[in-house]
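One structure below.
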Amino acid sequence: MESHSGRGIIWSSLLIATLLQVMPLPQLLQGWRPDWVLLVMVYWVLTMPHRFNILSACVVGVLLDILVGSTLGVRGLAFSIVAYLVALQYQKLRHFALIQQMLIVGSLSVLLHLVVFWAEYLSNPGVSIDWAYLQPALISPLLWPWVFWLLGRIRRGSKIR
């Protein structure tokens, strides 16, 4: 199989992550839902910034806003900021140890949630924040090694460049 751009695989993985992000969960597990879209987006920006960039991250964020019924553009802004930060340092981040990458993914998850909260707060000052709002930032880094491994296998098996 010859190498190709892999746009279909990239967007399919993001579609699956989006479905996992909006899939109903029992109330007990709702707060512990990982940031699936963030994990997949960070992987693609980290490994292929020429294929998945800030504009792509914004589009994914806006689509997620539509699906969850929040203020349009809030997640587009948050994902764009995260994608920018990853793209800015992608060459360094690629060579970090897995534990360091996990810490960075956790930090990016916190940043994502705080930007979403801030943008939501600007449009609705009645919005409040509590501990449960940041719970995904604890679980998402723990899933990073598996997401990184799985998407890496898919990327290498498909010979995406």
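A few points about this structure:
- Rounded to the nearest whole Hz, the Karplus-based 3J(HN,Hα) values (6.51 cos²θ - 1.76 cosθ + 1.60, θ = phi - 60°) of segment 16-24 follow the sequence 4, 4, 5, 4, 5, 6, 9, 4, x, with x at glycine and proline.
- Helical content alone sets the calculated 222 nm signal of the chain at -23500 deg cm²/dmol, taking -39,500 (n - 2.57) per DSSP H segment of four or more residues and averaging over every residue.
- For segment 7-158, with +1 on Lys and Arg beta carbons and -1 on Asp and Glu, the positive-most of Val37, Leu151, Leu63 along the dipole: Leu151
- From phi via Karplus (6.51, -1.76, 1.60), per-residue ³J(HN,Hα) for segment 148-156 in Hz, x at Gly/Pro: 4, 5, 5, 5, x, 5, 5, 5, 5
Values quoted throughout were computed directly from the atomic coordinates according to the rules given, and no laboratory measurement underlies them. Note that the structure is a prediction, hence the values are computed from the model and not measured. All Cβ positions, even for glycine, are placed from backbone atoms using ideal geometry, and neighbour counts span all protein chains on display.
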